[in-house]
Each structure stands twice: as C-alpha cells, then as structure tokens.
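First up is the structure itself, then whatever we jot down about it.
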C-alpha cells in the first residue's frame with residue numbers, strides 16, 4: 001500500500017541525519033584508578049554515585065570496585081547479595097581470561113552484561129545497574145540491581161469505571177508492561193524497546209499483537225519514533241506530539257489511557273500501545289473519532305444500556321460544543337424559534353443586563369474556564385474555597401447584580417457539566433476551544449453561521465487521519481461491518497470482526513459457532529424443586 | 001503558492017467581519033408584539049393598536065427583573081392608510097424594534113369587517129416574514145378591537161395569550177367557537193366553494209376599567225374579553241353572526257367539534273339527560289339536480305351519559321336506544337338552525353360548494369359564480385345524525401332510582 005501514508009516532506013529528514021552523528025565512544029582503561037577517575041569527573045563527583053572499593057576480595061587477585069547509584073538501585077540486593085558474595089567467596093584457582101568468565105555463574109543475580117565502552121557503561125549506570133570494575137581488565141560488568149522507591153499500583157484517577165478492573169498504570173515502564181502481559185497471556189504479544197531523548201535517555205516500548213496488528217502501521221510507527229531526536233521525554237505527551245499525523249488540529253489523533261484493560265482491549269483490536277517510562281499514560285493508536293466516546297463499561301454492561309449511554313455521550317458532546325452558541329443564536333437572531341412564554345421569561349432577565357448576549361456568554365464561559373483551571377492547580381486544602389467563590393459569586397451574585405442573566409448561568413452550567421461528562425479528557429479540551437469558535441460564528445451569523453462552522457468541522461474531521469486510518473471511520477468512509485461499535489454498541493456476539501482499518505490478517509474475533517446465546521429448544525423452564533420445599 | 005492561499009483565506013475571513021452582526025437583534029432591543037387590533041376611524045383610515053409585552057412584569061417575583069409591579073402589557077395606537085404605514089408610524093411612540101414573530105392574535109373590529117372587509121388588510125399579514133400566518137384571527141363583537149387588547153386579564157397575564165388559550169380551550173371542550181388562523185381565512189377567501197367564518201369576542205364590562213390594574217385585582221374582573229359567536233363572511237365582508245347553539249351547529253357541520261355536551265328533556269324536566277360527546281365525525285356532500293342543490297350532512301357521534309336528572313333505567317339497551325334517538329334529534333336541530341341562518345345570509349360557510357365541485361366538476365364550472373345566491377340559499381338540506389352511547393360513566397343507574 002504505497003499511498004497509505006502521507007509522504008512527509010524531505011526537508012526535515014536531511015537535517016535530522018546531519019545531527020545524528022554516531023558518538024565516538026572511548027574504550028575503558030585497564031587501570032582501575034583511571035576508570036574510577038573518569039566516572040567521578042564525568043558525573044561531577046555527584047554525591048549519589050557510590051564507589052565501593054573492594055581491596056581484599058578473595059575472588060579477584062587485584063583490586064576491584066563496584067559503582068552504583070544510590071536511590072535507583074535496590075540497596076538490599078547490592079549490599080546483601082553482591083558485596084557479600086564478592087567478599088566471602090573462595091579464591092580462584094586459575095587465572096581467568098576475561099571478566100565474564102570470572103563473574104558469571106558466581107554472582108546470584110539476573111542480567112549480567114560485559115561493558116567495553118563508556119557510553120553503554122554510563123547508560124547502564126544511570127538506569128540503576130551496578131557496575132563491577134576489576135583492575136587489569138579493560139572491561140566492566142553490569143548487573144541488574146534496579147530498584148528504589150516507586151508508586152504502587154493504584155486505582156486510575158482519570159478513567160474511572162464502576163464495573164471493571166481497579167488497576168491503573170504506574171510510572172514504571174516494567175510494571176506497566178507486566179500489567180498488560182498479565183491480561184493477554186500470549187506469546188504473540190510482542191514488545192520493542194528503544195531509548196529516546198538525548199539527555200533523559202527515556203525508555204519507550206512499542207507493544208502490539210503480532211498477526212492482529214497491521215505490520216505496515218507498526219513499521220510506520222517505528223519510522224516515526226526513529227526520527228525523534230529531542231533532549232527530553234518527560235511524559236508520553238512528548239512522544240504523542242512528535243508522531244501524530246496532523247498537528248494543525250484541536251482533535252487528538254492518539255488515544256491515551258491509564259487503564260491496562262483499555263490497553264489490552266485496544267491491542268486486541270489491532271492497535272499498538274506505546275509505553276513511555278515515567279508516564280502512567282500509555283499511548284494508543286491508530287484511533288478513530290468515535291473511540292473517544294467509548295468507555296470500558298460499554299463492554300461490560302449489556303448492549304441496550306451501553307447503546308443508550310453512547311447516544312447520551314454523543315448528545316453530551318453536542319451540548320458542550322454548541323450549547324452557548326445555540327443560546328446566542330436563538331436569542332439574538334431567531335427569537336421566533338423560542339416559545340412565547342420562554343421568550344418573555346428570558347427577555348425579562350435580559351432587561352437589566354447591560355451586555356449583548358454574546359459578551360454575556362463570553363464573560364460567563366471565561367469565568368468558568370478560570371474557575372476550572374484554578375480548581376485543578378490549587379492545593380487540595382483550599383479547594384473548597386473555589387467552590388464557595390464559584391457558586392456564590394458567579395452563580396448568585398452575578399445574577400443579582402444584573403451583570404448576567406440567570407438563563408445564561410443555566411446554559412453555562414449545563415455546558416460545564418456536559419464537558420465534565422465527556423469520557424475522554426482529550427476530546428473534552430478540544431470541544432472547550434471549539435465552543436468559543438462556535439459562539440463567535442453564532443454571534444455573527446446566527447444558526448447560519450453555526451451550520452457553516454459545522455460544515456467546516458465535519459470536513460476537517462473527515463480529512464484527519466491517525467497513522468493513515470481515516471479519523472471518522474467507520475462512519476466516513478462507511479464500513480457497515482464495523483458500525484456495531486460506534487454511536488451504538490451492538491451485542492458482543494454480533495461483533496464478529498475486528499475493525500477492518502486496523503486489524504491485520506487475523507480479522508475474526510470469535511469462532512463460527514459462537515453466536516447469539518440461545519438455550520436448546522427442548523429445554524423447559526426449570527420447575528420448582530419440591531424436595532427443597534420440605 | 002502558499003502565500004496566495006494564505007492571502008485568499010485572510011480575504012475570505014475578512015468578509016465575515018465585514019458582514020458584522022447582520023440582522024442581529026438583542027432581546028432588550030425588541031418590543032415583543034403580542035396582539036394587533038385594527039379599527040376604523042371616522043375618516044375611514046385604519047387605526048392599528050399594538051399590544052406590547054412588558055417582560056419584566058410578566059414573570060413576577062424574579063429577582064433583579066423589576067418584580068411584576070406594573071402592567072404586563074403596554075398598548076399603543078397609530079393611524080395609517082395601510083398596515084406598513086401604521087407599523088412605521090408606531091416608531092414615533094415606541095422605543096424598540098417591533099417584533100411580530102410572537103404576535104399570535106389579530107383582532108379586527110366588527111365595523112371594519114363590515115365596511116371595508118378583510119380583503120384589504122390580510123395581505124400585509126400574509127406577506128410579512130415575521131408575522132406568523134398561524135396567528136389567530138378574531139372579530140370584536142359589539143366592541144372596539146382596540147378595547148379588547150387594552151383590557152388587562154387575570155391568570156394569563158398577557159391578554160393576547162388569554163384570548164388565544166380561551167378560544168382553544170373552548171373549541172376543545174365546548175365547541176361553540178373555532179380557533180381560526182390567518183392562513184385558514186386566506187384559504188377560504190381564495191376558495192370559491194366556501195366562505196370564511198371567524199370567531200367573535202365580546203368585551204364584558206366597560207372599556208375604561210379594563211385598562212387599569214384595578215380590573216385584575218378583583219376576584220371578578222369587571223371587564224374581560226369573552227367569546228361571542230361566529231362571524232359569517234361573504235365576499236370578504238361581515239354579513240352576520242351565529243350565536244349560542246346556532247354557532248355550535250355550524251361547528252358541527254364544519255366537522256370541528258371535538259368534545260361537547262348535548263341534552264334532551266325527559267319526563268317533563270328540561271335538559272334532564274346529558275350526553276358528553278367524546279368523538280364525532282361529520283361528512284357533508286352536495287349535488288345539483290335540475291338547478292336545485294341537495295345538501296347532505298351526515299354526523300356520527302359517540303358519547304357517554306354525563307348526567308341524569310330523572311330516574312331512568314340505563315341498564316336497558318332499549319332505553320339507551322331511545323335516548324340515542326333523542327340526542328340525534330337535538331343535534332339535527334342545531335345543525336338545521338345554523339344552515340338556515342347561513343342560507344338566509346346567502347353565504348356558504350360550510351363548503352357545500354366544494355362538495356359540488358368534487359361530485360360534479362363540470363356543473364360546478366357553470367354554477368360557481370352564483371352558487372351562494374341561486375343554489376345554496378334555496379337548497380334542500382338533509383341531515384342524518386347517528387348517535388351511539390358508549391358508556392354511562394361510573395354508574396349505570398343513578399341513585400335517583402333508589403331515592404325513597
């Protein structure tokens with residue numbers, strides 16, 4: 001599929017190649033003191049780098065030393081296993097030819113690696129390995145002793161579910177990967193790890209299910225990741241902004257989740273997951289627009305309820321998008337559309353308001369945005385002050401003072417609640433921005449302007465793509481087979497196939513035999529057990 | 001190339017700002033017209049009287065909104081030779097843009113309807129984009145149209161609303177009136193086989209007290225608009241009135257009765273047995289044979305026994321049957337009286353002409369010009385009523401049968 005992906009401009013590529021010169025890494029010295037001196041000088045004599053000299057280790061004929069980072073290593077492992085076994089071991093009978101031979105099979109530790117140049121050595125040291133130097137060898141051994149303090153697994157704070165797993169991702173990439181592995185216990189769950197970030201050297205792991213995910217999409221992801229050459233990756237959002245298809249849009253073209261079950265479900269639909277060390281948010285792609293209206297509970301509840309909730313969320317999306325705009329358009333352009341009684345009621349409130357409806361709406365919306373921003377950033381202890389100020393000052397006093405009308409407060413409140421009810425934060429913040437654009441178009445042209453805005457929005461949405469997958473699929477282009485999981489959520493047994501744009505060769509979700517659950521015709525309703533009654 | 005695209009977009013965007021807020025009207029800049037009344041002055045010019053809503057005074061008790069102290073409406077008048085002139089002259093008295101989209105009532109004075117007819121005024125309302133052609137039309141009966149819209153009303157604070165709701169409610173449960181919209185009148189006027197009929201409103205009490213707040217501070221408002229009969233039109237001019245049971249007879253014939261009551265005398269007592277009509281269907285047909293028109297009205301009615309003043313055995317089907325015959329006679333009498341009046345006034349408000357048009361299209365072409373005078377006025381009328389008593393309410397026999 002040659003035209004599947006948009007060809008990127010060639011300009012960026014050349015500069016990227018120029019910068020990516022292979023760093024010439026100097027080899028290690030044979031003299032222990034020289035090596036240790038390099039470490040102290042390169043790390044600026046940092047206090048958390050521990051150099052422990054083992055002068056009289058019986059294991060090594062010559063002097064040796066271990067180097068590790070305090071805090072990143074598991075102190076217990078280093079002290080009780082590593083140092084102890086080095087000091088208390090029997091002397092060697094014959095001269096070992098290499099360090100590997102000398103240490104392997106001797107230290108009761110997992111991963112062991114021989115290091116010969118400084119670059120890899122520092123990388124190992126900084127990620128929590130313990131490095132063993134021995135005088136007379138121009139190499140060092142690294143043993144995996146990663147540990148230190150970490151946040152334990154907690155309930156996810158962003159995507160809550162009433163019925164569903166209570167696990168949420170943590171900041172540790174290994175823990176996160178293991179949590180998904182625990183759900184999908186299959187060897188076809190493949191991972192690839194790379195390091196991104198010149199300074200931060202952050203571990204980034206691609207995860208996908210071989211056979212279910214499309215190979216060309218995974219290849220494209222790899223290419224996009226390889227092109228990233230930045231200083232730091234502090235959160236998965238950094239990666240997201242470098243690999244998205246279209247940056248000139250308010251809509252997210254990658255999904256992020258804090259829930260292992262959501263990640264597993266998406267992997268099973270043929271998507272890839274991108275884990276970034278230090279971030280509890282795992283990126284998922286390719287995404288479609290309708291995915292932002294899904295919630296994990298949709299699949300655990302029966303489909304009547306799920307479908308009703310999906311439709312409610314679509315309604316919520318529209319309310320939070322065009323709620324204030326509709327009010328502005330109706331009260332300033334299309335008064336004939338409002339029932340007489342309501343019009344009179346709104347007009348009565350507007351009598352004392354000095355501003356046009358549009359200005360009134362902007363005042364209230366901006367005030368609300370300020371309140372919301374304050375609510376997020378404020379320390380929890382003074383959080384209640386915000387609600388008092390918000391409810392009293394904005395809600396009541398503003399109306400009583402005649403600055404805004406009560407109807408406007410209702411509209412802003414409904415819009416605010418609607419934007420909180422959107423299941424995905426990514427889509428909620430994009431509607432927040434678009435809401436203001438719609439308000440402007442409604443204030444200039446009324447409903448006509450809103451319809452124009454809507455047409456532009458729909459055209460824009462249909463032009464978006466995520467890793468080549470049309471953003472509005474399966475609605476546009478229309479894929480009848482995939483419609484089962486869009487604005488409606490059909491019964492699970494009718495959901496035979498994976499989304500056709502994303503899945504590779506393995507398209508079927510369920511066997512031919514599986515279908516609508518139906519008891520055998522011969523089975524009668526169970527009659528009352530007379531024996532129990534006695 | 002990119003620059004060209006950018007410049008193009010900037011130009012397109014600027015266009016939207018050039019338009020400004022085209023046709024934007026803030027609610028506080030609108031004078032919401034709730035009713036329009038039309039009278040005739042001595043020189044034969046039109047007097048337009050507009051009822052404007054005072055929003056702050058309608059929604060009483062709202063904080064910061066003024067608090068329902070004054071009148072719910074204000075009324076202003078202007079003179080002119082046509083509707084547009086009246087509307088523009090109104091600007092010398094009113095501070096805000098006139099907004100007609102919520103004017104749901106058009107009151108035409110009896111005098112105007114008689115002398116000038118409704119033909120010269122309706123076009124303005126039919127043509128104006130904001131004025132709804134679903135607005136109700138009424139004729140002021142024995143009162144000035146202006147006085148009707150000036151009268152303050154209780155319960156429904158906006159008098160126009162009160163009058164419209166009254167017409168609709170009465171049409172639904174009593175049947176002696178009809179809620180006629182501008183578009184109905186226009187349709188009847190352009191139809192050569194049917195003449196328009198419009199509900200009338202009286203003003204009870206004096207016009208002067210109706211204007212003051214004292215009027216609605218009493219439990220029984222001294223002045224209040226009140227439904228009064230149906231106005232018959234011929235060639236766009238008012239020719240006469242149908243009142244009381246005659247008006248209801250006309251509504252029966254027009255198949256507009258939804259619910260009503262019919263009573264008959266029994267055992268020497270007046271209005272002793274009452275039938276609550278719950279549904280009915282009336283069909284009219286007409287033919288001309290040898291220059292004489294034969295009109296046929298067929299009514300099928302269903303109802304419940306609503307009330308009995310005399311002991312009567314309602315368990316007996318034969319008794320019910322006899323009651324049904326009685327009700328049929330009562331309905332027939334009402335219809336007959338309505339048609340007789342219309343025949344006297346030589347105006348076919350029932351659409352018998354249309355029925356001839358349907359049954360004898362060729363003949364109709366010939367006779368349509370003088371249908372009202374030569375045919376309808378002299379026509380034979382046949383009325384067939386079929387009443388069916390469906391239920392007798394909660395009781396079968398009244399307790400009156402057991403009174404010792």
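The values are calculated or read from the model by the stated rules, or taken from the named source; none is laboratory data. As the structure is a prediction and not an experimental result, all values here were calculated from the model. A quick note on method: Cβ atoms are made from the backbone with ideal geometry, for glycine too, and the neighbour counts reach across all protein chains shown.
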Task: Unique match (being modelled with pLDDT under 95, within 17 Å of residue B:73 (Cβ to Cβ) and surrounded by fewer than 19 Cβ atoms within 10 Å (Cβ to Cβ)) among B:191, B:156, B:147 - done: B:156
Task: Residues satisfying the stated conditions in region A:353-368, i.e. surrounded by 20 or more Cβ atoms within 10 Å (Cβ to Cβ) and either free of Cβ contacts under 8 Å to residues at least 12 places away in the same chain or within 9 Å of another protein chain (Cβ to nearest Cβ) (or both) - done: A:353, A:356, A:357, A:358
Task: Residues satisfying the stated conditions in region A:248-302, i.e. within 11 Å of the chain's Cα centre (by Cα) and free of Cβ contacts under 8 Å to residues at least 24 places away in the same chain - done: none
Open item on the list: Just to be sure before I move on: is residue A:421 within 30 Å of residue A:256 (Cα to Cα), in the same structural domain as residue A:306 (by TED's automatic domain parsing) and modelled with pLDDT under 90 in the structure I sent?
Closed with: yes
- [ ] Return the total of residues in region B:73-132 being part of a loop (DSSP other than H, G, I, E, B) and within 14 Å of chain A (Cβ to nearest Cβ).
- [x] 12
Task: Single condition residue A:54 does not satisfy, out of (1) over 21 Å from residue A:148 (Cβ atoms); (2) in contact (Cβ under 8 Å) with a residue 60 or more places away in the chain; (3) crowded, with 16+ Cβ neighbours inside 10 Å - done: (2)
Task: residue A:403, sole failed condition from (1) at pLDDT below 90; (2) under 16 Å from residue A:438 (Cβ atoms); (3) within 14 Å of chain B (Cβ to nearest Cβ) - done: (2)
Task: Failed criterion for residue A:305 (all others in (1) in contact (Cβ under 8 Å) with a residue 24 or more places away in the chain; (2) part of a helix (DSSP H, G or I); (3) more than 10 Å from chain B (Cβ to nearest Cβ) hold) - done: (1)
TODO: Specify which of the listed residues (A:427, A:388, A:414) is farther than 22 Å from residue A:317 by Cβ and in the same structural domain as residue A:318 (by TED's automatic domain parsing).
DONE: A:388
- [ ] List the number of the failed condition for residue B:176; all other conditions in (1) under 24 Å from residue B:248 (Cβ atoms); (2) assigned to a loop (DSSP other than H, G, I, E, B); (3) within 14 Å of chain A (Cβ to nearest Cβ) hold.
- [x] (3)
Task: Failed criterion for residue A:388 (all others in (1) closer than 25 Å to residue A:327 by Cα; (2) more than 14 Å from chain B (Cβ to nearest Cβ) hold) - done: (1)
Open item on the list: Exactly one of these conditions fails for residue B:218: (1) within 19 Å of the chain's Cα centre (by Cα); (2) surrounded by fewer than 16 Cβ atoms within 10 Å (Cβ to Cβ). Give me its number.
Closed with: (1)
Open item on the list: Residues to consider are B:338, B:330, B:271; find the one that is closer than 28 Å to residue B:189 by Cα and in the same structural domain as residue B:388 (by TED's automatic domain parsing).
Closed with: B:338
Open item on the list: The conditions are (1) modelled with pLDDT of 90 or more; (2) more than 14 Å from chain B (Cβ to nearest Cβ); (3) surrounded by fewer than 16 Cβ atoms within 10 Å (Cβ to Cβ); (4) in contact with a helix residue (DSSP H, G or I) (Cβ under 7 Å, 6 or more places away or on another chain), and residue A:337 fails exactly one of them. Which is it?
Closed with: (2)
